[in-house]
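There's a structure below that I have some questions on.
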Amino acid sequence: MATILDIRPLDLVADFPAIPAGWAYLDTAATAQKPQVVIDAITRAYGTTYATVHRGVYQRSADMTLAYEAARQRVARFIGAKADEIVFVRGATEGINLVAHCWPDKRRVLLSQLEHHSNIVPWQLAGWQIDVCPLTPDGRIDLDAAEAILTPDHAMVAFAHVSNVLGSVLDARRAAELAHRVGAKLLLDGCQAVPRLPVDVQALDCDFYVFSGHKLYGPTGIGVLWGRGDLLDVMPPFMGGGAMIDRVTFERTTYAPPPARFEPGTPHITGALGLHAAIDYVEAIGLEAIHAHETALVKLARDRLSAINSVRLFGPEDSAGIVSFAIEGVHPHDVGTILDEGQVAIRAGHHCAQPLMDVLGVPATARASFGVYNSAADVEALARGVERVTRIFG
């Protein structure tokens, strides 16, 4: 059994001004708190260096354009991609919608039972025929079942790299192999992966990868769609407006090459600069160190919670940074409310994964998710809170 002494803290909570002493923030899977360096980067961008990008001929605009494009290059290095394959979007949701609507070969798409709604609804709206891959008993995407389901009629496979509810990690390389074997493309939802695992899209051999900045300790309203260059080239624009055009007349418009083709209007300039700072922050810590830290916290949390009567844990034991659970006879919203009284912040609900709740046989779960600022003391506060819940409802 894991103990407090097994956890080597990263001791980074002081970097996060929104986390007061004694508050256990365990909702990082929903959104990560922001380190001061990210806040400072956004403040500078709006304060002393602000200007529009791509259009101005004056020096301030040229400088901001360089900074904005440097953020694109930084993202590319972070995931092993080329800069002209990085599309800035509002978040992973927009990135998935873009691919679902703009991929020219809309036939069948294979999803899994654990997908977030943002990796289900866009395919429905865009008119794809959806097939669903089941899960293994411990809550992983069953790739043996996927192999049996996939046919040449499938144009796309879209899976979560890490589940936002169960924390289960996909064998992405094998998923890519299975998709490509039948001529399909693989899109990975990397929202829960990029804050806690090293990601190299070339090594994963996927075709599209999406993630949101706010789960990576960056600002809200900025996200990334990566696509292989030859695939982005064949996709039409998702939305029209300024900056995404080549030539406009009332009779006909031609479009800019990617990534500009998919970035209409004035972009979220300060969001991109904040994301740049967030990536610098995460990589200075080291994703291997972050993964090891969160793995230890998950083990401790699962050990502590499993020892409490009436607690049911979901997902694999080696989940990445996330522990979902239920208490027999207690609604997760009540769990979350009582924990909040003890200064422990968790998520309670269906986590935008209602089909998965149906599979698990529960209306909702309580979810604790960890970040670089968490410690074994936070896990102990969680366990004490859960014990209090069981006493109240016992």
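The values are calculated or read from the model by the stated rules, or taken from the named source; none is laboratory data. Predicted, not measured: the structure shown is a model, and the values here were computed from it. Please note: Cβ atoms are built from the backbone with ideal geometry, for glycine as well, and neighbour counts cover all protein chains shown.
Among the candidates 296, 292, 301, 278, which residue alone is farther than 24 Å from residue 168 by Cβ, small (Gly, Ala, Ser) and part of a helix (DSSP H, G or I)?
Working: 296 fails: farther than 24 Å from residue 168 by Cβ; 292 fails: farther than 24 Å from residue 168 by Cβ; 301 fails: farther than 24 Å from residue 168 by Cβ.
Step by step, each of 296, 292, 301, 278 is checked, and only 278 is farther than 24 Å from residue 168 by Cβ, small (Gly, Ala, Ser) and part of a helix (DSSP H, G or I).
Something else about it: All but one of (1) assigned to a helix (DSSP H, G or I); (2) not assigned by TED's automatic domain parsing to the domain that holds residue 212 hold for residue 21; state the number of the condition that does not hold.
Going through (1) assigned to a helix (DSSP H, G or I); (2) not assigned by TED's automatic domain parsing to the domain that holds residue 212 one by one, residue 21 breaks only (1).
Has segment 77-87 got at least one residue that is more than 30 Å from residue 360 (Cα to Cα), without any contact (Cβ under 8 Å) to a residue 12 or more places away in the chain and in the same structural domain as residue 264 (by TED's automatic domain parsing)?
Scanning segment 77-87, I find at least one residue that is more than 30 Å from residue 360 (Cα to Cα), without any contact (Cβ under 8 Å) to a residue 12 or more places away in the chain and in the same structural domain as residue 264 (by TED's automatic domain parsing), so the answer is yes.
Just to verify a result, which residue in segment 336-394, among those that are hydroxyl-bearing (Ser, Thr, Tyr) and more than 30 Å from residue 112 (Cα to Cα), is surrounded by the most Cβ atoms within 10 Å (Cβ to Cβ)? Give the steps one after another, and end with the answer.
Here is the first cut: in segment 336-394, the residues hydroxyl-bearing (Ser, Thr, Tyr) are 337, 365, 369, 373, 375, 390.
Remaining after also requiring more than 30 Å from residue 112 (Cα to Cα): 337, 373, 375, 390.
Numbers: 337: 12, 373: 23, 375: 20, 390: 17.
Looking at residues that are hydroxyl-bearing (Ser, Thr, Tyr) and more than 30 Å from residue 112 (Cα to Cα), I get 373.
How many of the residues making up segment 44-65 are outside any loop (DSSP other than H, G, I, E, B), aliphatic (A, V, I, L, M) and within 16 Å of residue 275 (Cβ to Cβ)?
2
Then there's this: Keeping to segment 111-150, report how many residues are more than 21 Å from the chain's Cα centre (by Cα), among the small types (Gly, Ala, Ser) and surrounded by 20 or more Cβ atoms within 10 Å (Cβ to Cβ).
The qualifying residues number 1.
Let me ask something else. So for segment 132-144 (the condition being in a loop (DSSP other than H, G, I, E, B), closer than 24 Å to residue 235 by Cα and not polar (S, T, N, Q)), does at least one residue qualify? So that I can check it myself, show each step before the final result.
Step one: of segment 132-144, the residues in a loop (DSSP other than H, G, I, E, B) are 134, 136-140, 142.
Going one step further and asking which of them are closer than 24 Å to residue 235 by Cα, we end up with none.
There is no residue in segment 132-144 that is in a loop (DSSP other than H, G, I, E, B), closer than 24 Å to residue 235 by Cα and not polar (S, T, N, Q).
Looking at segment 306-319 only, could you name the residues that are closer than 23 Å to residue 31 by Cβ and either outside any loop (DSSP other than H, G, I, E, B) or assigned by TED's automatic domain parsing to the domain that holds residue 68 (or both)?
Scanning segment 306-319 gives a single hit, 314.
I'm checking my understanding of the structure. Among residues of segment 34-54 that are without any contact (Cβ under 8 Å) to a residue 40 or more places away in the chain and touching a helix residue (DSSP H, G or I) at 6+ places or on another chain (Cβ under 7 Å), which one is nearest to residue 370 (Cα to Cα)?
Among those that are without any contact (Cβ under 8 Å) to a residue 40 or more places away in the chain and touching a helix residue (DSSP H, G or I) at 6+ places or on another chain (Cβ under 7 Å), it is 36.
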